[in-house]
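Beneath this line is the structure, given in structure tokens, with notes to follow.
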């Protein structure tokens, strides 16, 4: 019996522009792409970076001119944090200097806004071609593989290459020659020590670079033995560190933003911030450029409402909804934690209330 084949995963495209009307226009145009990709939008660089960090996209398409964090700044961060991601610029203004700087940064396409049916067709053909290359060109989307998988694959295939690993602002490199690991570099270390540092990283982005035949060999163990030795060293270090991990965690300021990313997929959510009600410096944020400022505001606002509730003998404060011309905001409290949810201004109040309730239910679980 033949089982039906699963359809291939759809591409995901992220559009960044501070002009909501232009975003809707781009969404309508790109909706005509033959591959029917999923289209996501962001109106700020911070939100775009948060979305890219919480999901896997095939293409990032951004406008060059924006307030606070312009397109070049965003592209610079994206190229560093997500080197496997296809990037393109879509602009209404011709700026040859900007075009040169963008291409020097490593973008894939620099496109002008289409003003005619012929230009729209050309734009769609360019983007569709870029998406096709994303699936057919080697290790694009290699984030789904582990670092060990990638090393073994390169060695078993007797390849020669440089494996570049980026983890935030940190970079490491592993040199492979004819299927053998010959050198590594990371954190001002080299050789076996650097290799062990790189393999201790729990996440990151991978990129394969052309080989460097003249590289001096400093590692002489087989890759199998090197991987086994490194795994044992990491296990021993983990066992040693487990003795004081609780004390270390207790002294950290702030909490990880990863749980907030799980709450960000509801429609209309622009940003999220969680802060301790008794200490505004201990906060975690998703999609915010000015987390410290918002944390101060949330702490002050929630304390004012708590005081008001006590004065009026109205009971314990649970939630506050605020609607404005530029932003919709919901504030909620759970134990010693306060949560601030920012919604896009176009989301109606009823939808804000309904979505907030769903987020709070997930937050409490």
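Highest-first packing order for the peptide set 265-273, 19-27 is 265-273, 19-27, based on the mean count of other beta carbon atoms within 10 Å. The mean sequence separation of alpha-carbon pairs under 8 Å and at least six residues apart, normalised by the residue count of segment 145-234, gives a relative contact order of 29 percent. The translational diffusion coefficient of segment 145-234, from Stokes-Einstein at 25 °C and 0.890 mPa s with a Kirkwood hydrodynamic radius over alpha carbon pairs, comes to 192 µm²/s.
Which peptide among 81-88, 294-301 comes first, and what is the full order, when sorted by highest mean count of other Cβ atoms within 10 Å?
Most protected by this proxy first, the peptides run 81-88, 294-301.
Comparing Cα centroids, segment 311-365 and segment 265-307 end up 11 angstrom apart.
Of interest is the spacing of the C-alpha centroids, which for segment 25-74 and segment 75-89 amounts to 11 Å.
Using only Cα atoms, what is the ratio of the radius of gyration of segment 12-136 to 2.2 N^0.38 Å?
Dividing the Cα Rg of segment 12-136 by 2.2 N^0.38 Å gives 0.96.
No value in this document is a laboratory result; all are computed from the given coordinates. No experiment lies behind these values; they were computed from the predicted model shown. Quick reminder, even Gly has a Cβ in these numbers, built from the backbone with ideal geometry, and neighbours come from all protein chains shown.
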